[in-house]
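*Asks:* Dropping a structure here in structure tokens format, bear with me for questions.
Where a number appears in this text, it was derived from the coordinates with a stated rule and is not lab data. Values in this document were obtained by computation on a predicted structure and should not be read as measured data. Cβ atoms come from the backbone with ideal geometry, glycine included; neighbour counts cover every protein chain shown.
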Amino acid sequence: MSTSQTVETPTQAYHEQTGNAASGIENAAATPGQVRVIRRNGKLTAYDPSKIKVAMTKAFLAVEGGGAAASARVHESVEALVSLIDQALKRRLPGGGTVHIEDIQDQVELALMREGHHKVARAYVLYREQQAQKRAAEMEEESETTSEKPAIRVTRYDGTTEPLDTVRLSRLVDEACADLESVDNQRIVDETIRNLYDGVAEHEVSTALVMSARTLIEIDPAYSQVAARLLLDSMRTEALRFVHNPVTACTQAEMATIYPDYFKEYIKVGVEHELLDPTLQQYDLERLGQALDHERDLQFTYLGLQTLYDRYFLHQDDVRFELPQAFFMRVAMGLAINEIDREERAIEFYRLLSSFDFMSSTPTLFNSGTLRPQLSSCYLTTVPDHLDGIYGSIRDNALLSKFAGGLGNDWTRVRALGSHIKGTNGKSQGVVPFLKVANDTAVAVNQGGKRKGAVCAYLETWHLDIEEFLDLRKNTGDDRRRTHDMNTANWVPDLFMKRVAEEAEWTLFSPAECPDLHDLSGTAFEKAYVEYEAKAERGEIKNFRKIPAVNLWRRMLSMLFETGHPWVTFKDPCNLRYTNQHAGVVHSSNLCTEITLHTNDSEIAVCNLGSVNLAQHTTENGIDEEKVERTIRTAMRMLDNVIEYNYYSVPQARNSNLRHRPVGLGIMGFQDALYKQKIPYGSDAAVEFADRSMETVSYHAISASSDLAAERGRYASYEGSLWSRGILPIDSIELLAESRGEYLDMNRDQTLDWNALRKKIKKQGMRNSNTMAIAPTATISNICGVSQSIEPTFENLFVKSNLSGEFTVVNPYLVRDLKDRGLWDEVMVNDLKYFDGSVQAIDRVPDELKALYATAFEIDPRWLIEAGSRRQKWIDQAQSLNLYMAEPSGPKIDNMYKLAWVRGLKTTYYLRAASKTRIEKTTMNKLDGKLRGVSADPAAAAGPKACSIDDPECEACQ
């Protein structure tokens, strides 16, 4: 490397960051959010980005010569680089903390390479290696004269100090690594000690342990479990200290005897702080404490356990005093609170939840056993066409959003722009201004700052305001007629789709002049609609407009692609196949398009959700039907118990839920189940498995509800339902076919004894008007460590950012198969990063693995629709079905949504178009002298929007 003698080398310049910035702050306590740097001698200094700026400038000068000092290009580049480094550190340590000097230098190196400054980066890499070798030689020479290492003292919570207990540290790591292959215990210990300094706070030792394992997850997914188990240590210390348990530090093995005593104290403390229902103290806490299985703490991934800790566990004064098994038992106790043998049922529910075989939805996990047990996930309302009703509905939204989950509002009844207002002899401003108020209410009522209100507005395609409705999510135009924080969805009748197929005209009406269209479906809707068109032709209807149906359809799809909204949902299959159609009309779905229940002025539909973990019920030979039956029998009882126990913030919701008792049992881990069987998502075998697995779930969910009816009684509106007429979900396809004719092509194959189930229902009835719905499950899937809902894998290796920092996620099934073939190594990891989690461009990956591990945008979306259709035939509600398109175009989107309609889907969810998402390509090998982490595309964009507890707009369902 040639440089002027008057210019410092890149590393010499950079060392100013750590060599001269320590004045007065060494080992001082950090202020909240502060990042501090550990020097190589173990001392602590403040993190100062201005020092990096000086060092980076000198690094450029070292390569380009002193004349570059006046270059605006160099200064602009340095500013951008320092900003990248600063952002990376903030993502890694969102709440502040310590970072080793070497880690900052890694970020400098990475930033240089990402921005294409390869000469500077190469000089930096080589000089770092030279310095490392020099320090190693000095350390070896020093070790010959002294065997002592600098002591590290730990500052305890009470301010006292004591030497670092390296024996206990090693024991914790050994315990965390037990029974896990391909993990290096000593590497974690060494990395942890490297990141400690003299006087380090006790909690920072725990953080360093976790971080040391967490950074290795990309090497092997087993490190995710190691990181989770190390996180458990700090969680135990925090919780046990708070509940006044005499044990303040223990191993996981010791929890076998500690958990029961802790559990009794935990319930007591929770009640004292008014966080738990005092009724929980009436349980036999000794018996429940003995039922806690401490070994189930060990099955978490790091992302799952960190998610529970950050958002679910009970806390007081920001101290989490709830441990994982106590958490599951608390939820179970709430769900069993009205059972005759409460302890027996609580233990049964606890064992199901803690095994990850089934998981209740997020509202249930949040609130079960608390003073306000709002456990329901979804609420559906219909908005009337008068001011009292409109603002009453917005008030209901506010109350439901304050305590509850996601909202689906039907706005179709509200008269259109230009409609006559009798009371003032004026003209209406239409539905859009009221939607703006509903949008702002959702933002304002945010559950005490926890999250925004989550709401979706539905409008039928014949409404005269439909074109303005399509524009609600645009970022241009009059902002007073935009709803940037509210989801929107089209409620599409079959007649419109037929007109599109036939390239016919479509007429838009105001509901003020044709109010009955709102309550009609199928052939009855078609007959009335055609009659209104005739009236319009004769001049008997004043406020209408004719447009080509194809033009409106194209605009719907164009806005869906441009803004992600409105979603496409189909009115007629939701109504014609609705099990309780005698009780009312389904006017909309919910926030995530999986709930299809009727609404009216006196009934707000409510649904309670939970999901079977399909991965836990699948072997390499297929579905384990006996286990599915056992799981569902208990799960349906838990869901049914929510209905009486639930807190209802408005009376219309309580009345509806107690009368009809709908629940929504879903599935998650579908992609994991395919991996276990070596079935590619894009294949006939996957479609067949979607069919058979959902048939099994459907059969046993319906059977379990019928058995509950025999025990507890039928739901109040049972008589007149499809159930009472012997029409099961698979049979209701015929009702849709009679209305739709040639425009329905839906598989109706079946393998189980459905006749026997029909006879059982005829004798016993049904406990629940509806039994199934497949929700997104993003968060509870994270908790269980499986793939979301029915989604294909997004990427095989990616970095997930949320409120807790960054989480590396790697596909464990892919790693397993690559290991079996001797292909899992550092080069493969770097290749996966370079190609953004895709294996398709990696030559040495066999073709069968490329097919099996194709990611969401590498699968033809028609496979998702075909699998969705097979599931839909068994589900009495609907499914949140995202559609992925790598290279979207008008004709492709048109064909895709027409196929979804013809295949009988009730609803669709997001259309996700491929973005330039890039995972962080971190450094791996520090000794080869090669540039690492060069991005194929340095432009990093946000990934596709997804339901997640860390996305305040989309937390409501699960």
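*Asks:* Within the set LYS527/LYS898; LYS627/LYS678; LYS678/LYS763; LYS527/LYS873; LYS833/LYS873; LYS498/LYS763, which residue pairs have Cα atoms separated by over 30 Å?
*Replies:* Going by Cα-Cα distance, LYS678/LYS763; LYS833/LYS873; LYS498/LYS763 fall outside the 30 Å limit.
*Asks:* If you count, for each residue, the other Cβ atoms within 10 Å and average over each peptide, how do 337-345, 173-181, 638-646 line up from highest to lowest?
*Replies:* 638-646, 173-181, 337-345
*Asks:* Okay, next question. For the stretch 751-877, give the magnitude of the charge dipole about the Cα centre (Cβ charges: +1 Lys/Arg, -1 Asp/Glu; no others), in debye to the nearest 20.
*Replies:* Approximately 1340 debye in magnitude.
*Asks:* Looking at the square roots a ≥ b ≥ c of the eigenvalues of the Cα gyration tensor of the stretch 676-790, which shape do they give, rounded for a/c under 1.5, prolate if a/b is larger than b/c, or oblate?
*Replies:* oblate
*Asks:* Tell me the volume per residue, in Å³, of the convex hull enclosing the alpha carbons of the chain.
*Replies:* Enclosed volume per residue, from the Cα hull, is 182 Å³.
*Asks:* Between LEU399 and ASN185, what length comes free when the chain is fully extended (0.36 nm per residue of separation minus the Cα-Cα distance, one decimal in nm)?
*Replies:* Roughly 71.9 nm would be gained on extension.
*Asks:* Separate question: On the Cα set of the stretch 268-370, report Rg and Dmax in Å, please.
*Replies:* Cα radius of gyration and Dmax of the stretch 268-370 are 12.9, 37 Å respectively.
*Asks:* Here is a further query. Only counting other Cβ atoms within 10 Å, I'd like TRP462, TRP863 sorted with the fewest neighbours first.
*Replies:* TRP863, TRP462
*Asks:* If you place +1 on the Cβ of every Lys and Arg and -1 on the Cβ of every Asp and Glu, how big does the dipole about the Cα centre of the chain come out, in debye to the nearest 20?
*Replies:* Here the chain has a charge dipole of around 2020 debye.
*Asks:* Rounded, prolate or oblate for the stretch 165-260? Axes are the square roots of the Cα gyration tensor eigenvalues, ordered a ≥ b ≥ c, and the cut-off for rounded is a/c under 1.5.
*Replies:* oblate
*Asks:* Students often check this: by mean Cβ neighbours within 10 Å, which of 727-736, 589-598 ranks highest, and how do the rest follow?
*Replies:* 589-598, 727-736
*Asks:* Beta carbons within 10 angstrom, averaged per residue: use that to sort the peptides 808-817, 572-581, highest first.
*Replies:* With the highest mean Cβ count within 10 Å placed first, the list reads 572-581, 808-817.
*Asks:* All other residues with a Cβ under 12 Å from the Cβ of ALA841 taken together, and with Lys, Arg as +1 and Asp, Glu as -1, what is their net charge?
*Replies:* Here the charged neighbours net out to -2.
*Asks:* Before rounding to the nearest 500, sum -39500 (n - 2.57) across all DSSP H runs of length at least 4 in the chain and divide by the residue total; then give [θ] at 222 nm in deg cm²/dmol.
*Replies:* So the calculated ellipticity at 222 nm is -14000 deg cm²/dmol.
*Asks:* Follow-up. Would you work out which of THR908, HIS518, THR192 lies farthest towards the positive end of the dipole of the chain, given +1 charges on the beta-carbon of Lys and Arg and -1 on that of Asp and Glu, about the Cα centre?
*Replies:* Selected residue: HIS518.
*Asks:* Name the residue from TYR884, SER368, ASN796 whose Cα lies farthest towards the positive end of the charge dipole of the chain, charges +1 on Cβ of Lys and Arg and -1 on Cβ of Asp and Glu.
*Replies:* Towards the positive end, the residue furthest out is TYR884.
*Asks:* Putting +1 on Lys and Arg Cβ atoms and -1 on Asp and Glu Cβ atoms, find which of ILE604, TYR675, VAL697 reaches farthest to the positive end of the dipole of the chain.
*Replies:* It is ILE604.
*Asks:* Once the piece of chain linking ALA504 and LYS535 is laid out straight, how much longer is it, given 0.36 nm per residue of separation minus the C-alpha distance between them?
*Replies:* Additional length available on full extension: 9.4 nm.
*Asks:* Provide the FRET efficiency to the nearest 0.05 for the LYS422-ASP478 pair, computing r from the beta carbons and using R0 = 30 Å.
*Replies:* Step by step, r from the Cβ atoms, then E = 0.60.
*Asks:* Quick one: ILE267, ILE394, fewest Cβ neighbours within 10 Å first, how do they rank?
*Replies:* Least to most surrounded, the residues fall as ILE394, ILE267.
*Asks:* Taking 7 Å along the Cα-to-C-beta vector as the label spot, tell me the ASP820-ALA80 distance in nanometres, rounded to one decimal.
*Replies:* So the two model labels end up 4.5 nm from each other.
*Asks:* With an 8 Å Cα cut-off and a minimum separation of 6 or more residues, compute the relative contact order for the chain in percent.
*Replies:* Relative CO of the chain lands at 12 percent.
*Asks:* Relative to the longest principal Cα axis of the chain, at what angle does helix 49-64 sit, 0 to 90 degrees, rounded to 10?
*Replies:* Approximately 70 degrees, to the nearest 10.
*Asks:* Have a look at the stretch 155-340 and give its Rg and Dmax from the Cα atoms, expressed in angstrom.
*Replies:* 17.2, 57
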